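The values are calculated or read from the model by the stated rules, or taken from the named source; none is laboratory data. Quick caveat, the model's predicted, so the values are computed rather than measured. When we count neighbours, we look across all protein chains shown, and the Cβ atoms used for this are built from the backbone with ideal geometry, even at glycine.
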Amino acid sequence: MGDRFISSATTQAGLALLLVAAVALLTLVFSFLGTILCSVLVGMMIAAIKPRLWRALLVSLVFPAVLLGFLRFSKADLPPHKGLQLASVCFGAFWLTCLSSRLLMVLEAPSAGPPAPPSASPPPDPPGDPHEAPLPGAGLREGRAAGSPVSGV
C-alpha cells in the first residue's frame, strides 16, 4: 500500500505543478487575461469530470494565487486592492463557469423515468395520382424530356 500511496501522491503533485506552470505561462503570454481564460476553461473541465469539492476548491485557488504572485513579483504599477479584485474575478469566473456547466449537464441529461409509449403516427401519404401531369423537369434525371410518356421497355 505504501508504494501505491507514494506513486499516487507523486502523480497528484506533478499534475498540480503542471497546472501551475501552464497558468503561469498563459499569464506571461497574455497578462491577466490569460489567467482568467485559463480559469474559465478549467472550470468547464472540472464540471465535466465532477471531482470532489475539496479538489475543485484547490484547483480554483491556483488561478488567483498565480495572478497575485505575478503582480507582486513583477512589481506591477497596480494598487493592491486592484490585484485582489483581479484575483476575485479569476476565482468567480472559475466557479461561475463550473456551476453553470454542471447545471447545463444536469438539465440536458436524459430523464431516468420509464420510456414514453410510442405515439400513433399518422398513416403515410398515399402515392401521387398516376394520371396526374408530371412536374416540369421531373424526368430530366432519367434522361427523358419532361412530359414525354414513360416507355414500358
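Quick notes on this structure:
- Of the residues making up region 36-77, those that are closer than 20 Å to Gln12 by Cα, surrounded by 14 or more Cβ atoms within 10 Å (Cβ to Cβ) and among the β-branched types (Val, Ile, Thr) are Val42, Ile46, Val59, Val62, Val66.
- Going through (1) under 24 Å from the mean Cα position of the chain (by Cα); (2) crowded, with 18+ Cβ neighbours inside 10 Å one by one, Leu33 falls short only on (2).
- Test: residue in region 108-124 that is of a type in the set (D, E, K, R), modelled with pLDDT of 85 or more and either farther than 20 Å from Leu25 by Cα or out of contact with any strand residue (DSSP E or B) (no Cβ under 6 Å at 6 or more places or on another chain) (or both): yes
- Filter pass, Thr27 being at pLDDT below 85, of a type in the set (S, T, N, Q) and in contact with a Gly (Cβ under 6 Å, 6 or more places away or on another chain): yes
- Residue check for Ala48: in contact with a Lys or Arg (Cβ under 9 Å, 6 or more places away or on another chain), at pLDDT 85 or above and not aromatic (Phe, Trp, Tyr): yes
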